[in-house]
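Here the structure comes first, spelled out in structure tokens, and everything after it is commentary.
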Amino acid sequence: MNQTEVNTEVFKIPAKLYRIGELVRHTPFSRQTIHNYTIMGLIREAQWTDGGHRLYDESTFRILFRIVELKKTKTLCEIKQILNSEFATN
């Protein structure tokens with residue numbers, strides 16, 4: 001192995017996790033809306049902190065973007081059904 005090669009079995013980059021405040025800062029949604037969408041099952045937390053705070057992974061941004069698009073013509077119940085079918089295998 002030369003100096004520029006890296007053994008990927010040893011070098012694992014952890015996934016970035018986001019607190020609800022970061023989602024609020026980078027999306028058009030309020031803290032309460034993010035909380036409501038989580039309770040409704042539109043989005044899911046990836047982990048919890050030791051202090052009990054929800055942490056979301058990067059896929060949450062893709063789902064929130066999809067919700068923005070769907071809200072133009074769909075109800076939240078319809079959106080939940082669509083998201084369940086679109087992201088069921090992800």
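At a glance:
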read-out	value
Region 1-30, subset exposed (fewer than 13 other Cβ atoms within 10 Å of the Cβ) and hydrophobic (A, V, I, L, M, F, W, C), residue modelled with the lowest pLDDT	1
Region 32-80 - residue that is surrounded by fewer than 12 Cβ atoms within 10 Å (Cβ to Cβ) and among the polar types (S, T, N, Q) and, of those, farthest from residue 20 (Cα to Cα)	73
Residue, farthest from residue 13 (Cα to Cα), within region 65-81, restricted to residues that are assigned to a helix (DSSP H, G or I) and charged (D, E, K, R)	78
Selection status of residue 57, acidic (Asp, Glu) and out of contact with any Lys or Arg (no Cβ under 9 Å at 6 or more places or on another chain)	no
Subset of region 23-64 (residues that are without any contact (Cβ under 8 Å) to a residue 12 or more places away in the chain and outside any loop (DSSP other than H, G, I, E, B))	24, 25, 31, 32, 33, 36, 39, 48, 62
Neighbours by Cβ (under 6 Å, 6+ apart or cross-chain): first from region 68-84, farther than 15 Å from residue 44 by Cα; second among the hydrophobic types (A, V, I, L, M, F, W, C) and part of a helix (DSSP H, G or I)	70/79
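The values are calculated or read from the model by the stated rules, or taken from the named source; none is laboratory data. Please read all numbers here as calculations on a predicted model, not as lab measurements. With ideal geometry, Cβ positions are generated from the backbone for all residues, glycine too; neighbour counts draw on all protein chains shown.
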